[in-house]
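Take a look at the structure below.
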Amino acid sequence: SLGMWAGFAITFAFRPLGGAFFGILADRLGRKLAMQWSIVLMLGSTVLQGCLPSFHCCGEAWGWLGLVALLVCRALQGLSAGGELSTAAVYISEVSPKNRLGYNLSWISASGNFLAWAVAALVMFLIESLVSHEDMLLWGWRLPYLTSVVPGAALILARRCLEETPDFEELVKEEAERTCANQLEGDTDVVATSGGPLREVFAHHKLAVLIGSLGTMGIGAFWYVPSVYGVQFIMQYNDLPATAVSFSEMLGFCIPAVLAVFAGMLVDVWGACKVHTLALIGGCVIVPMPLLYWWTHVPQSFAIAALFIGQIA
């Protein structure tokens, strides 16, 4: 439905804002604190979605209230997701040896993206297999949101043990020395010397921002269009069972969760530019068009097999 895709889209619309907000927060208060706050916001907005009223259980008035609250929660999830990815990447980049940077960063995709989606698909497969359709509409849909409190709380506790990065400590030291020097010289306009992190990025790193943004758009489209929109299309068009779709998604995300680590190792050998370009060509040019064409023309008798083959491919 349009409401489902609107809730999905609003999350991505707020991700850049989350990256900017938590990035500035990380520069001012520390990488560790930004990572803690981002996961707290993610957990809170996720659990809250499992407590919202719905049209099916609470009537039309409460249903509309729940829908509006759902969109707000999805926006908060987008903020936290943008902050989570950016601050985690910065933290790993600053503590990792340069010759293993690609390998260490690959664990963000392996565990934080693909493996997390695989586990979520597995949870959905189990719930859909054990709960009837009527109970799923009434209360079963809440279980994935509410049970996320367990891994979320464990992650919050684990991040309390993180140490601040040496780069941030050096940044704080340099800022203190600059402030002290300006005070000794009688210059109280300290802020004007820097102009802020966002202004500095767009003033001195325009090409890097453009290349990074376009590259991320391409990879993001490949991640979500075939595996999310394409799967929903073939499910509704061929009337496939939800359990088959969830199980195919689990398999589809397990494979890149493993391959991401090897891709990171390849980055350390070949360089990020070559590996990223190869992924864009294969994932955005070669694979999607034939796959989506096949899914839109496959006979219904072969739809489930096509779904699994496409997810694995």
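Is it true that Glu134 is farther than 24 Å from Arg31 by Cα, loosely packed, with under 12 Cβ neighbours inside 10 Å and either among the acidic types (Asp, Glu) or free of Cβ contacts under 8 Å to residues at least 24 places away in the same chain (or both)? Answer is yes for this residue.
Scanning the stretch 298-312 for residues that are open to solvent by 50 Å² or more (accessible area, probe 1.4 Å) and either touching a Gly at 6+ places or on another chain (Cβ under 7 Å) or over 21 Å from Ile255 (Cβ atoms) (or both) yields Pro299, Gln300, Ser301, Phe302, Ile312. Beta carbons closer than 8 Å, at least 6 apart along the sequence or on distinct chains, pair a first residue in the stretch 16-36 that is over 8 Å from Leu79 (Cα atoms) with a second that is of a type in the set (Phe, Trp, Tyr) and modelled with pLDDT of 90 or more for Phe22/Trp37; Leu25/Trp37; Arg31/Tyr91; Lys32/Tyr91; Ala34/Phe22; Met35/Tyr91. Checked against the criteria, Gly212 does not count as surrounded by 12 or more Cβ atoms within 10 Å (Cβ to Cβ) and either among the basic types (Lys, Arg) or at pLDDT 85 or above (or both). Check the stretch 3-19 and report whether any residue there is open to solvent by 60 Å² or more (accessible area, probe 1.4 Å), among the β-branched types (Val, Ile, Thr) and within 25 Å of Pro151 (Cα to Cα). Checked the stretch 3-19: no residue is open to solvent by 60 Å² or more (accessible area, probe 1.4 Å), among the β-branched types (Val, Ile, Thr) and within 25 Å of Pro151 (Cα to Cα). Restricting Pro144, Pro151, Pro166 to those that are under 16 Å from Glu94 (Cβ atoms) and either open to solvent by less than 70 Å² (accessible area, probe 1.4 Å) or not small (Gly, Ala, Ser) (or both) reduces the list to Pro166.
Filtered by the rule that a residue be among the hydroxyl-bearing types (Ser, Thr, Tyr) and surrounded by fewer than 19 Cβ atoms within 10 Å (Cβ to Cβ), the stretch 20-56 gives a lone residue, Ser54.
Selection of helices (runs of 4 or more DSSP H) fully inside the stretch 231-297 by the criterion of at least 1 residues being open to solvent by 50 Å² or more (accessible area, probe 1.4 Å), farther than 21 Å from Thr216 by Cβ and modelled with pLDDT of 85 or more returns 242-270, 288-297.
Whether any residue in the stretch 162-171 is out of contact with any Asp or Glu (no Cβ under 7 Å at 6 or more places or on another chain), closer than 26 Å to Ala260 by Cβ and free of Cβ contacts under 8 Å to residues at least 12 places away in the same chain is what I want to check. No, that holds for no residue.
The values are calculated or read from the model by the stated rules, or taken from the named source; none is laboratory data. Since we're looking at a predicted model, the values are computed, not measured. Counting neighbours? That spans all protein chains shown, and the Cβs are built from the backbone with ideal geometry, glycine included. The area values use the complete protein model at the heavy-atom level, side chains included, leaving out ligands, DNA and RNA. Shrake-Rupley method; radii C 1.70, N 1.55, O 1.52, S 1.80 Å.
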